[in-house]
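Novice: Structure incoming, see below.
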Amino acid sequence: MDIQPGDKVRIKPIVKPRDAIQTALNVLIIVFVCVGISKMLDNPEQGAGLTGVGIENLKYFTVLSNIFAGGVAIIWVTYYIFCDVYNIKSPVLLKLMSASAVGLTFLIIAAFLAPMYPDLDLYTGSNLYFHRVVPLLAMAEMILMKVDRKIPFKYTLISASLALIYGVGYVINILINGIGEWPNTNDWYGFLNWGYPIGAVIFVAIVLMDFGIACLLRGLNILVNKICSHLYIAD
């Protein structure tokens, strides 16, 4: 590239802001997932806000998706440290899967359950981290994530598979062990309170919501990468 006297050029900084921000967000995700797990395991009795006793909380999609997000964040930090040495590909698919999964939790709680059941305290204890903090961090990090090429659309379909797999397991457990009665019910989300047909509709809607969130995150990521590509001169 020929630069003439008086030309205005934009130079890439040695420490790239997006890399620093993304690294910080991943570290925060790991920290807050660990804090949430600690508070969850420290819960000695049946609590409010869709919480069980200690390890029993692992039956909830919220907890599983947040732990998955924490694990993916660890993978990303490892990738960031060793990518130049081992030429490892960025875990974009895992990032989209985890961000859309915790995003699904965030949306369902914020838009539906919290307004419908204000007395459940859905943002206290471990729920504060699993329902709000980690999902917001994970979605923000996914949107800002630097990728070499446009995220394939098929990744959004794969991302929705997490909700699908969980839902299938949820239904199989009920078919094998029965619905049961509260607080020992196997329908802990109450999807079948209105019968199996309505439960099936809710199940499909949740899978579609997961897919929709993945599409939104993918679209915003593409937009951010397109904007950022114009902020620096080409390599």
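The values are calculated or read from the model by the stated rules, or taken from the named source; none is laboratory data. For clarity, every value in this text was computed on a predicted model and none was experimentally measured. We place every Cβ from the backbone using ideal geometry, glycine too, and count neighbours over all the protein chains shown. These accessible areas exclude ligands, DNA and RNA; they are computed on the full protein's heavy atoms, side chains included. Shrake-Rupley method; radii C 1.70, N 1.55, O 1.52, S 1.80 Å.
Novice: Out of 172, 151, which single residue is β-branched (Val, Ile, Thr) and assigned to a helix (DSSP H, G or I)?
Specialist: Details: 151 fails: assigned to a helix (DSSP H, G or I).
Only one candidate qualifies: 172.
Novice: OK, next. Which one of these is of a type in the set (S, T, N, Q), loosely packed, with under 14 Cβ neighbours inside 10 Å and either modelled with pLDDT of 60 or more or under 24 Å from residue 162 (Cα atoms) (or both): 65, 38? Spell out how you get there, then give the answer.
Specialist: Values: 65 fails: loosely packed, with under 14 Cβ neighbours inside 10 Å.
Just one listed residue meets the conditions, 38.
Novice: State all residues of region 139-156 that are surrounded by fewer than 13 Cβ atoms within 10 Å (Cβ to Cβ) and out of contact with any Ser or Thr (no Cβ under 8 Å at 6 or more places or on another chain); if no residue qualifies, say none. Outline the logic, then answer.
Specialist: Filtering region 139-156 down to residues surrounded by fewer than 13 Cβ atoms within 10 Å (Cβ to Cβ) leaves 148-150, 153-154.
Selection gives 149, 150, 153, 154.
Novice: In this structure, does residue 136 turn out to be within 24 Å of residue 228 (Cβ to Cβ), touching a residue at least 24 places away in the same chain (Cβ under 8 Å) and either open to solvent by 30 Å² or more (accessible area, probe 1.4 Å) or not in a helix (DSSP H, G or I) (or both)?
Specialist: On the way: within 24 Å of residue 228 (Cβ to Cβ): yes; touching a residue at least 24 places away in the same chain (Cβ under 8 Å): yes; either open to solvent by 30 Å² or more (accessible area, probe 1.4 Å) or not in a helix (DSSP H, G or I) (or both): yes.
Yes: the conditions hold for residue 136.
Novice: Can I ask one more? For region 113-133, give me the residue count where each residue is open to solvent by 40 Å² or more (accessible area, probe 1.4 Å) and touching a His at 6+ places or on another chain (Cβ under 8 Å).
Specialist: The total comes to 1.
Yes/no per residue for (1) hydrophobic (A, V, I, L, M, F, W, C); (2) over 15 Å from the mean Cα position of the chain (by Cα):
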| position | (1), (2) |
| --- | --- |
| 126 | no, yes |
| 131 | no, no |
| 136 | yes, no |
| 146 | no, yes |
| 152 | no, yes |
| 182 | yes, yes |
| 190 | no, yes |
| 194 | yes, yes |
| 201 | yes, yes |
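Novice: Ok, one more. Return the only residue of 187, 210 being among the acidic types (Asp, Glu) and in contact (Cβ under 8 Å) with a residue 40 or more places away in the chain. Can you show your working first?
Specialist: Working: 187 fails: in contact (Cβ under 8 Å) with a residue 40 or more places away in the chain.
Going through 187, 210 in turn, just one is among the acidic types (Asp, Glu) and in contact (Cβ under 8 Å) with a residue 40 or more places away in the chain: 210.
Novice: A further question on this structure: Which residues, taken from region 187-235, are part of a loop (DSSP other than H, G, I, E, B) and open to solvent by 30 Å² or more (accessible area, probe 1.4 Å)?
Specialist: 188, 189, 191, 192, 193, 194, 230, 231, 232, 233, 234, 235
Novice: May I pose another question? Please give the number of the condition residue 190 fails out of (1) farther than 18 Å from residue 105 by Cβ; (2) modelled with pLDDT under 90.
Specialist: (1)
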